[in-house]
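Chemist: What follows is a structure written as structure tokens; I'll ask about it next.
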Amino acid sequence: MTRRSILIQIFLFLVLCVSCRSQPVKLNDGTVEPIYERLLINSTIQKRFDDIDPKQTVFTLDEIFVLSLDKTERLAISAEKNFVADAKIRSAYGAWMPKLSLRSSQYWGAFPGSILPGVRFFARQNIMTGLTEYTGIVGARLSREAEEQSLRAEAAAHFLNLADLALQLELNQTLRDKTAEILKLTERSLGELRRRVALGRSRRSESLRTEAKMKQKQAELLTVTERCAQLARQIQFISGVSGDFSIKVETEPYDVPEGEVEKNFPARADILLGKLIVDIRKNEVEAAFGNHLPQIYLEGSYRPPIIPDSPQSYYGGVVAEIPLFSGMQTVENQNIAKSALRQAELELKQAERKARLELADARAALIQSKAEVAAFEEAVRIAEKNYATQIGEARLSLATNLEVIQSLEDYQTNLVAAENARYRAKLARIRYFIAGGHLFRYKGAD
């Protein structure tokens, strides 16, 4: 091999290293690494890190997610695995490069002239060592794709977790406001009841029971207010936002037309990950069978002359090694690789079945939650009408104050149930969208 061809190989290898290199993930540096940018490009998320002001007071779900990319260790771990996978690709291509080494030796007890001490340079250029180089490159590239799918799966789970927190915050903020309204109505009823007790038109026990209801509402208001603060702190921890803020969760963009449900399902990250693992195991089987093939390489050595009349100081040639027997290691490695392939195929089938079940559960939850919302909204309307009717009847002495308070209690119960149903419906819509593989689309899905 000439010096020029060696230099060309080294140059091409360096170019490959630069093109495959990814950046380590750094958190809390006010930037988002290119690996996340690539993830967002193939997604339905329109916002980008530079478009978001962390000091604004109203955020969308997409904005909270993008901000969290610079704060979340869980995603950074998956991104670092992609960095390692890139390094393995460069290492696999490096197996084709020449190997150079320098050896210095000093011998004792050797016959004169049989072994010469000193410094010697060794060089080796692999041509074929079974299928090691080929399968090493293929396996490294498949592993890189697998880590990309793993990152997609982690990002989708992270997005769903953030959506749940944001919807819980929205729910509890609404419940806080509604509870405050109910508390004011209870206080108004208690004031009227105390006036009637003073006039002898109502019993003292009714006033005490209403006062107990008011204290209960005050406690509920404190509880739901603290729950809002807890959820806000969790979101601040994940996303890095500070101060008072709110999240506007619009779930309409996550509606999936019935005909589009199955379109992107095969490109779900977990299914693609399972298929890639099967391909990795097939590649390992090829590598195991490749150990039967010969190893062919170029080998050379050069030793600077020690004395002017020293023997030949360099050699070079082609070496071929044919494996004959390896203590059953080659055969058993094949059996291990074939078993790992069968396991991967079974795991892929299991992943597909689980994905189908998850999609079916998400669809059923969405349908049921929509029906619940409609039913509870009607219940709220009726309960509110009943409360207004009870107030009117109480003024005509056709209903007691306790009946008014009970109707207010029924109104609040249905109000809370309706808001919880809306929360479940919104979360189910996002979950169904993600279960169908629509959030982080794969570039090869179309």
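The values are calculated or read from the model by the stated rules, or taken from the named source; none is laboratory data. Because the structure is predicted, anything quoted here is derived from the model rather than measured. Note that we place each Cβ from the backbone using ideal geometry, even for glycine, and neighbour counts take in every protein chain shown.
Chemist: Any chance you could count how many residues in the stretch 212-246 are touching a strand residue (DSSP E or B) at 6+ places or on another chain (Cβ under 8 Å) and at positive phi?
Modeler: 0
Chemist: Select from the stretch 318-338 the residues that are surrounded by fewer than 12 Cβ atoms within 10 Å (Cβ to Cβ) and of a type in the set (Gly, Ala, Ser) and write down the one among them that is farthest from the chain's Cα centre (by Cα).
Modeler: 320
Chemist: For residue 157, work out the one condition from (1) farther than 20 Å from residue 70 by Cα; (2) free of Cβ contacts under 8 Å to residues at least 24 places away in the same chain it doesn't fulfil.
Modeler: Failed condition: (1).
Chemist: With the condition kept exactly as written, say whether any residue in the stretch 353-367 is closer than 18 Å to residue 188 by Cβ, hydrophobic (A, V, I, L, M, F, W, C) and surrounded by fewer than 17 Cβ atoms within 10 Å (Cβ to Cβ). Walk me through how you get there before you give the answer.
Modeler: So the first thing to find is which residues in the stretch 353-367 are closer than 18 Å to residue 188 by Cβ, and the list is none.
No, every residue in the stretch 353-367 fails to be closer than 18 Å to residue 188 by Cβ, hydrophobic (A, V, I, L, M, F, W, C) and surrounded by fewer than 17 Cβ atoms within 10 Å (Cβ to Cβ).
Residues checked against (1) at pLDDT below 80; (2) in contact with a Ser or Thr (Cβ under 9 Å, 6 or more places away or on another chain):
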{"residue": "276", "(1), (2)": "no, yes"}
{"residue": "284", "(1), (2)": "no, yes"}
{"residue": "287", "(1), (2)": "no, yes"}
{"residue": "291", "(1), (2)": "yes, yes"}
{"residue": "302", "(1), (2)": "no, yes"}
{"residue": "307", "(1), (2)": "yes, no"}
{"residue": "311", "(1), (2)": "yes, no"}
{"residue": "314", "(1), (2)": "yes, yes"}
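Chemist: Within the set of pairs 6 or more residues apart or between chains, which connect a residue that is among the basic types (Lys, Arg) inside the stretch 381-405 to a residue that is loosely packed, with under 12 Cβ neighbours inside 10 Å and modelled with pLDDT of 75 or more with Cβ atoms less than 7 Å apart?
Modeler: Cβ pairs passing all conditions: none.
Chemist: Tell me which residues, restricted to the stretch 245-260, are farther than 18 Å from residue 423 by Cα and either at pLDDT 85 or above or touching a Ser or Thr at 6+ places or on another chain (Cβ under 6 Å) (or both).
Modeler: Of everything in the stretch 245-260, just one residue is farther than 18 Å from residue 423 by Cα and either at pLDDT 85 or above or touching a Ser or Thr at 6+ places or on another chain (Cβ under 6 Å) (or both), namely 245.
Chemist: Residue 15 - would you say it is modelled with pLDDT under 85 and within 30 Å of residue 134 (Cβ to Cβ)? Write out each step before concluding.
Modeler: Working: modelled with pLDDT under 85: yes; within 30 Å of residue 134 (Cβ to Cβ): yes.
It is true that residue 15 is modelled with pLDDT under 85 and within 30 Å of residue 134 (Cβ to Cβ).
Chemist: Of all residues in the stretch 45-83 being assigned to a helix (DSSP H, G or I) and without any contact (Cβ under 8 Å) to a residue 24 or more places away in the chain, which is nearest to the chain's Cα centre (by Cα)?
Modeler: Start the filter on the stretch 45-83 by keeping residues that are assigned to a helix (DSSP H, G or I), which leaves 49-51, 61-68, 73-83.
Within this subset, residues satisfying the condition of being without any contact (Cβ under 8 Å) to a residue 24 or more places away in the chain are 49-51, 62-63, 77.
Details: 49: 18, 50: 21, 51: 22, 62: 15, 63: 16, 77: 10 Å.
It comes out as 77.
Chemist: Moving to a separate point now. Any residue in the stretch 232-243 that's farther than 15 Å from residue 56 by Cα: show its pairings with residues that are charged (D, E, K, R) and surrounded by 12 or more Cβ atoms within 10 Å (Cβ to Cβ) at Cβ separation under 8 Å, as long as the two are six or more apart or on different chains.
Modeler: 237/71; 238/71
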